[in-house]
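Below is one structure, written out as structure tokens; comments come after it.
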Amino acid sequence: NAGVTQTPKFQVLKTGQSMTLQCAQDMNHNSMYWYRQDPGMGLRLIYYSASEGTTDKGEVPNGYNVSRLNKREFSLRLESAAPSQTSVYFCASYPGTPVWETQYFGPGTRLLVL
Amino acid sequence: EDKVVQSPLSLVVHEGDTVTLNCSYEVTNFRSLLWYKQEKKAPTFLFMLTSSGIEKKSGRLSSILDKKELFSILNITATQTGDSAIYLCAVEVGNTGKLIFGQGTTLQVKP
């Protein structure tokens, strides 16, 4: 099992460019999440998908869109990148049950917007 | 608005010291509280505390949850340089696995 994988690992964009961050999990988990992490801010939830076919906004959704392509894949799109979106992005997945389970995180994507 | 607050934000200690990290929360529909350790990569899971499990211990690390006062503490005894990391507290709300994170506490353990 690869767990949660993210591509790319690192990306540099110019202001106004677009890109899609890819996330995939092979654990048959129902729920998937996108977070961003900035220095001193912990992790903030951007969007999540509680189950295949559904998506919901998190704490900081502005400037992002998501697609739950199938049960395995959950992508995050920046339509017009801004310097404020420079951050480390983590994807996570969660099985839902049993109750003692927790989220599994991918290795992160470091994004720099110039 | 759901909120999780950690203190202190940063801490510098020497090897062998004992540290206590704090996490307070105000959320609707509390399900569990989780502690993670992060060392320059993805967070790694330490503990989950729920209504039915308010105290956990693993080696030199231990944690308690006070559901009445809405806080948790993470204790690390006999600290080592390998304990240097960001410690994140998160609260799970609802039944979708959604987590609200605190700002994190950066711990530096000096030799």
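Here are a few things to note about the model shown:
- Whole-percent pair-distance distribution, where bins are 10 Å wide, for the alpha carbons of the protein assembly as shown: 8, 33, 35, 20, 4, 0
- Net length gained if the chain between B:SER10 and B:ILE54 were fully extended (0.36 nm per residue, minus Cα distance): 13.3 nm
- Options A:GLN25, A:TYR64, A:GLY53, ranked by Cα towards positive dipole end of the range A:20-67, top entry (Cβ charges): A:TYR64
- Note on A:38-44: average number of Cβ atoms from other chains within 10 Å of each residue's Cβ is 6.
- Scalar couplings 3J(HN,Hα) for the range B:92-109, obtained by applying the Karplus form with A = 6.51, B = -1.76, C = 1.60 to θ = phi - 60°, are 8, 10, x, 10, 9, x, 5, 10, 10, 9, x, 6, x, 10, 8, 9, 10, 10 Hz; x denotes Gly and Pro.
- Contact order normalised by residue count of chain B, Cα under 8 Å, 6+ apart, percent: 38 percent
- Candidates A:GLY96, A:GLY53, A:GLY40, ranked by Gaussian network fluctuation over chain A, Cα under 10 Å, top entry: A:GLY40
- Rg to Rh, two decimals, where the range A:63-114 supplies the alpha carbon set and Rh follows Kirkwood: 1.06
- Cleavage-rule hits (GluC sites (Glu not before Pro)) in the range A:51-81: DSSP loop, at most 13 neighbouring Cβ within 10 angstrom: A:GLU79
- Cα point-scatterer Debye curve for the range A:18-114, base-10 log of I(q)/I(0) at q = 0.12, 0.13, 0.18 Å⁻¹: -0.35, -0.41, -0.78
- Counting, for every residue in B:34-42, the Cβ atoms of other protein chains within 10 Å of its Cβ and taking the mean gives 4.
- Peptides B:87-98, B:3-14 ranked from most to least packed by the mean count of surrounding Cβ atoms within 10 Å: B:87-98, B:3-14.
- Here the range B:5-111 is treated as a sphere whose radius is the Kirkwood value from Cα pairs; by Stokes-Einstein at 10 °C and 1.306 mPa s it diffuses with a coefficient of 114 µm²/s.
Values in this text are rule-based calculations from the coordinates and carry no lab data. These figures come from a predicted structure and were not determined experimentally. Glycine gets a Cβ as well: all are built from the backbone with ideal geometry, and neighbour counts include every protein chain shown.
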